[in-house]
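**Q** Sharing a structure below in structure tokens format, with a few things to ask.
The values are calculated or read from the model by the stated rules, or taken from the named source; none is laboratory data. The structure presented is a predicted model; accordingly, all values stated were derived computationally and were not measured. Ideal geometry is used to build each Cβ from the backbone, glycine not excepted, and the neighbour counts take in all protein chains shown. For the accessible areas, the whole protein counts, side chains as well, though only heavy atoms, and no ligand, DNA or RNA atoms are used. Shrake-Rupley method; radii C 1.70, N 1.55, O 1.52, S 1.80 Å.
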Amino acid sequence: MSEETGSPDGAGKVCRVIRIGTRKSQLARIQTDSVADKLKELYPDIHLEIVGMSTTGDKILDTALSKIGEKSLFTKELENALERNEVDLVVHSLKDLPTTLPPGFTIGAVLKRESPHDAVVLHPKNVGKTLDTLPENSVIGTSSLRRAAQLKKRFPHLEFKDIRGNLNTRLKKLDEKEDFAAIILAAAGLRRMGWENRISQILEPEDCMYAVGQGALAVEVRARDADILEMVSILHDPDTVLRCIAERAFLKHLEGGCSVPVAVHTEVKDSQLYLTGAVYSLDGSESLKDTMQTSITADNKSIEEVDERVQRVGVTANKMSGEVQDRAERLGVDLANLLLSKGAKEILTVARQLNDAR
């Protein structure tokens, strides 16, 4: 249990040592340090301690993520520590968090999103090229079915192979061997690592839509810890929260996960939330894609009574309009239903079966 050095003091102040759990990779530490720095800025008297741990996903490096089939690959060990009161909050990449969290946990903060797009990182010998101009049969490394399905369709002259490991490992595999002409990584991770100069090309949504929650950091806490929940809630970025609630609701309703190619693109513009969602066959030859929108202006001008126990696809955001959060969630469900009515279930079932058989 975290050591008490006092009691909750005023709005969102917690006077004790707060332990933050994180994966041990360099990127995870950078992400966790950025959240810790923000908390220190907002609460100068806070005492923070960072606890690093390895997860299943960090240990199994010889198997494609989509083949392992475990939804909480990068989160389970961290959640176990949270459950045992060994840590008080955990920082994750939101895209690693399943759309349904174990009972007793909630996402208490979704921070302002970094670029959600994917990036092309070229082997040094290919500098100056793009995916379009790489030679026929060039091999592109990606561990994501979503990326591979979209890019196979868009760039049929290229081949796609699995590549696993953290960012440092994947870049090393690219640079030191001749196996890959390029690899595809999340732009957000490269930027956070300070490796923006390695980005040769940003993939726009028409080439490759991104993963649910990509580019956003999430802070997971125990749902019953009102003081910690209050403390981290100030980190919520409202637009990112609404976009990610819609994206997560879409994925959850499709029953998608790592083992099927599902992609999204969201935008907040003129008080409207736009959600584009798509499902793909493994080779990208079959796909369904559509866009829907909803207003994110609250009709109810009076202060709402917010039920603090309400979670939307794992997210608790008590200080934001519940009505607007409900609309974002409904948008995700409605778009999923639209694609399901057009045959998404069949595409995803076949994709899942083929992936399992690989």
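**Q** Kindly evaluate Gly213 against the criterion of being in contact with a Cys (Cβ under 7 Å, 6 or more places away or on another chain) and buried (at least 18 other Cβ atoms within 10 Å of the Cβ).
**A** Considered against the rule, which asks whether it is in contact with a Cys (Cβ under 7 Å, 6 or more places away or on another chain) and buried (at least 18 other Cβ atoms within 10 Å of the Cβ), Gly213 comes out as yes.
**Q** Has segment 103-118 got any residue that is open to solvent by less than 10 Å² (accessible area, probe 1.4 Å) and closer than 14 Å to Ile184 by Cα?
**A** yes
**Q** Now for a separate question. Consider Lys125 carefully, then state whether it is open to solvent by 20 Å² or more (accessible area, probe 1.4 Å) and in contact with an Asp or Glu (Cβ under 9 Å, 6 or more places away or on another chain).
**A** For Lys125, the condition - open to solvent by 20 Å² or more (accessible area, probe 1.4 Å) and in contact with an Asp or Glu (Cβ under 9 Å, 6 or more places away or on another chain) - is met.
**Q** Tell me which of these Thr130 doesn't satisfy, since it passes every other one: (1) among the β-branched types (Val, Ile, Thr); (2) modelled with pLDDT of 95 or more; (3) buried (at least 19 other Cβ atoms within 10 Å of the Cβ).
**A** Unmet condition: (3).
**Q** How many residues are open to solvent by 20 Å² or more (accessible area, probe 1.4 Å) and either in a loop (DSSP other than H, G, I, E, B) or within 21 Å of Arg358 (Cβ to Cβ) (or both) if we restrict to segment 153-163?
**A** Going through segment 153-163 one residue at a time, the tally reaches 7.
**Q** I've got another one for you. Which residue out of Lys153, Lys177, Lys125 is basic (Lys, Arg) and in contact (Cβ under 8 Å) with a residue 60 or more places away in the chain?
**A** Lys153
**Q** Here is a further query. Given (1) out of contact with any Leu (no Cβ under 9 Å at 6 or more places or on another chain); (2) farther than 23 Å from Gln26 by Cβ; (3) assigned by the TED database to the domain that holds Leu235, identify the lone condition not met by Ala81.
**A** Ala81 satisfies every listed condition except (2).
A quick yes/no check of all residues on (1) outside the structural domain of Leu167 (by the TED database); (2) surrounded by 17 or more Cβ atoms within 10 Å (Cβ to Cβ); (3) closer than 28 Å to Lys319 by Cα:
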position	(1), (2), (3)
Ala187	no, yes, no
Leu190	no, yes, no
Gly194	no, no, no
Leu217	yes, yes, yes
Ala226	yes, no, yes
Glu230	yes, yes, yes
Ser233	yes, yes, yes
Pro238	yes, yes, yes
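**Q** Within segment 90-152, considering only strands (runs of 3 or more DSSP E) that don't extend past its boundaries, which have at least 1 residues that are aliphatic (A, V, I, L, M) and in contact with a His (Cβ under 6 Å, 6 or more places away or on another chain)?
**A** So the answer is 105-110.
**Q** Just to be sure, is Leu338 open to solvent by less than 70 Å² (accessible area, probe 1.4 Å) and at pLDDT below 95?
**A** The answer is no for Leu338.
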